[in-house]
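**Student:** Following this message is one structure expressed as structure tokens.
The values are calculated or read from the model by the stated rules, or taken from the named source; none is laboratory data. Predicted model only: the values in this text are computed from it and were never measured. Cβ sites come from the backbone with ideal geometry, for glycine too, and all protein chains shown count toward neighbours.
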Amino acid sequence: MVLAAILAVSLLTFGIGVFLSNQSPDLATYTAKAQEMYKDARSFVEKIRGVTLPDVPLVVITKAWAQQTWGGSGSSQNLKNTLRDENVYKGVFLMREDESLVQAQTEWTGYWVAVTWKDQIYVVREYFNPFHATSEATLVHELTHIMQGTLDSPPTPYTFDAIKARAALNEGDATFMADFYLNNSQTPTYTPLKATAKKANSPGIQLSCPSQVAPSIPQSILKIDYFAYDYGKRFISTLYAKEGWVEVNAAYANPPTTTAQILNPEEYYQNITAQPVSSLPLPGQDWTHVKYTQYGEYFIFSVLNTWLPTDQAKASTDGWRGDNLTYYEKGNEYLFTWNIVWQSQSEVFSFSESFQNMADAAGASKNSNGNWYTNGRYLSIGQEDNNSTIITCSNNETAIRALGEKL
């Protein structure tokens, strides 16, 4: 089941969020109107999906309260993990040196319209307008998340890729339902996902999306954050086209496990999953293993697409078959290795060429050892075998050299 603590959010994009005017009504009038709209949205979801939803209170909050409650990284351990993620993102050029992942996460919460958390639905007064008819789609979105919590579903593997894939199912369904409501119960139409087809052969947070976002949020991070909504709703539309809501509901018992399956639903139906990928041996025994994860095809595409044209980034990542990024620390030093497996050797060459073009575009330079260097980070790219790419990155040049000697 979807945990009750999951926080499902509606954002200001896709025509769902509507700003209130400066002449806002008093809180009692506002709340009464929101409750009336909530009842209508609940009836719509129950009728369309053939379910009886549990009773969930509706609570009015402010933007400041949302940022204080859900913004930032929370505990010191969460902050540490966010800064580790930032090291990875900057190490592979997904983020620029002057950008902050912590700030981006805080700003992101400031554009939420509605939130489902701990068996309650919250609406943000500055953005949710119960006097505007289309705002009911926001509540349809959130109530779809409540419905998801009643469906049996296996736990999500704790990798970046699997979390994004499951979020695409959840947010895609909720966004599709909101669009279904806005389209007068007619099936919404979206751009098909064929452009990302293959060649032959915040944990605990769900969001719904902003038309206006803070400029402090990097565009590359926004693309990753919006993946669940944009690609997710198109994935859901593919399921719905087969057998309607029966097919959509069935996906919760057999959820997608990779972003590749979201990008290309045929892989989902053919049960093409990620290949297991091993970590690389370390250059010494004094490094502490911190974490490992699978980032997946869409993340790798986003890395390249931050600097390279979309067509080139797609062509260089559509042969993805699995990856393993393992992160280590030693005092104030860090090191990560990223082993990416491809469908064929030609795709290894394609990705490697694009990655090096990206490093050039990002302003990195090659030193005498053939390693890339920028902003105190050393990075190398090579091969372990015919079908894999090895990326290593550290603020310790000696470690990068030692790893290079082993490959």
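**Student:** Kindly indicate which of 144, 62, 134, 138 is in contact with a helix residue (DSSP H, G or I) (Cβ under 6 Å, 6 or more places away or on another chain) and of a type in the set (S, T, N, Q). Before you say what the answer is, go through the steps one by one.
**Tutor:** On the way: 62 fails: in contact with a helix residue (DSSP H, G or I) (Cβ under 6 Å, 6 or more places away or on another chain); 134 fails: in contact with a helix residue (DSSP H, G or I) (Cβ under 6 Å, 6 or more places away or on another chain); 138 fails: in contact with a helix residue (DSSP H, G or I) (Cβ under 6 Å, 6 or more places away or on another chain).
One residue alone meets the criteria, 144.
**Student:** Another question, then. Please find, among 116, 82, 106, 62, the residue that is β-branched (Val, Ile, Thr), crowded, with 22+ Cβ neighbours inside 10 Å and modelled with pLDDT under 95.
**Tutor:** Details: 82 fails: crowded, with 22+ Cβ neighbours inside 10 Å; 106 fails: crowded, with 22+ Cβ neighbours inside 10 Å; 62 fails: crowded, with 22+ Cβ neighbours inside 10 Å.
Testing whether each residue is β-branched (Val, Ile, Thr), crowded, with 22+ Cβ neighbours inside 10 Å and modelled with pLDDT under 95 leaves just 116.
**Student:** Something else: Is it true that residue 194 is closer than 23 Å to residue 247 by Cα, modelled with pLDDT under 90 and assigned to a helix (DSSP H, G or I)?
**Tutor:** Numbers: closer than 23 Å to residue 247 by Cα: yes; modelled with pLDDT under 90: yes; assigned to a helix (DSSP H, G or I): yes.
Taking the combined requirement at face value, the residue satisfies it.
**Student:** Still on this model: Consider residue 367 carefully, then state whether it is on the phi > 0 side of the Ramachandran plot, surrounded by fewer than 19 Cβ atoms within 10 Å (Cβ to Cβ) and modelled with pLDDT under 95. I'd like the intermediate steps shown before the answer.
**Tutor:** Numbers: on the phi > 0 side of the Ramachandran plot: no; surrounded by fewer than 19 Cβ atoms within 10 Å (Cβ to Cβ): yes; modelled with pLDDT under 95: yes.
No; evaluated as a whole, the condition is false for this residue.
**Student:** Evaluate the following for residue 140: is it closer than 30 Å to residue 372 by Cα, crowded, with 24+ Cβ neighbours inside 10 Å and not charged (D, E, K, R)? Show your work before the answer.
**Tutor:** Working: closer than 30 Å to residue 372 by Cα: no; crowded, with 24+ Cβ neighbours inside 10 Å: yes; not charged (D, E, K, R): yes.
Here the answer is no, as residue 140 does not meet what is asked.
**Student:** Continuing with this model, one more query. Among 114, 66, 104, which is the only one that is in the same structural domain as residue 221 (by TED's automatic domain parsing) and either assigned to a strand (DSSP E or B) or under 30 Å from residue 363 (Cα atoms) (or both)?
**Tutor:** On the way: 66 fails: either assigned to a strand (DSSP E or B) or under 30 Å from residue 363 (Cα atoms) (or both); 104 fails: in the same structural domain as residue 221 (by TED's automatic domain parsing).
On inspection, the qualifying residue turns out to be 114.
**Student:** If you don't mind, there's one more thing I want to ask. Could you look through segment 252-263, keep only residues that are in contact with a helix residue (DSSP H, G or I) (Cβ under 6 Å, 6 or more places away or on another chain) and assigned to a loop (DSSP other than H, G, I, E, B), and pick out the one that is surrounded by the fewest Cβ atoms within 10 Å (Cβ to Cβ)?
**Tutor:** Let us first name the residues in segment 252-263 that are in contact with a helix residue (DSSP H, G or I) (Cβ under 6 Å, 6 or more places away or on another chain), namely 255-263.
With the extra rule that they be assigned to a loop (DSSP other than H, G, I, E, B), the set shrinks to 255-258.
Working: 255: 18, 256: 23, 257: 23, 258: 26.
Selected residue: 255.
**Student:** Is it the case that segment 223-234 has a residue that's surrounded by 22 or more Cβ atoms within 10 Å (Cβ to Cβ), outside the structural domain of residue 151 (by TED's automatic domain parsing), modelled with pLDDT of 95 or more and small (Gly, Ala, Ser)?
**Tutor:** no
**Student:** I've got another one for you. Does residue 127 meet the test of being assigned by TED's automatic domain parsing to the domain that holds residue 46, touching a strand residue (DSSP E or B) at 6+ places or on another chain (Cβ under 7 Å), assigned to a loop (DSSP other than H, G, I, E, B) and at pLDDT below 95?
**Tutor:** On the way: assigned by TED's automatic domain parsing to the domain that holds residue 46: yes; touching a strand residue (DSSP E or B) at 6+ places or on another chain (Cβ under 7 Å): yes; assigned to a loop (DSSP other than H, G, I, E, B): yes; at pLDDT below 95: yes.
Yes; evaluated as a whole, the condition is true for this residue.
**Student:** Just checking, how many residues over segment 47-59 are assigned to a helix (DSSP H, G or I) and surrounded by 13 or more Cβ atoms within 10 Å (Cβ to Cβ)?
**Tutor:** Within segment 47-59, the first condition is being assigned to a helix (DSSP H, G or I), and the residues that meet it are 47-49.
Subsequent filtering for residues that are surrounded by 13 or more Cβ atoms within 10 Å (Cβ to Cβ) retains 48-49.
Adding up the residues that qualify gives 2.
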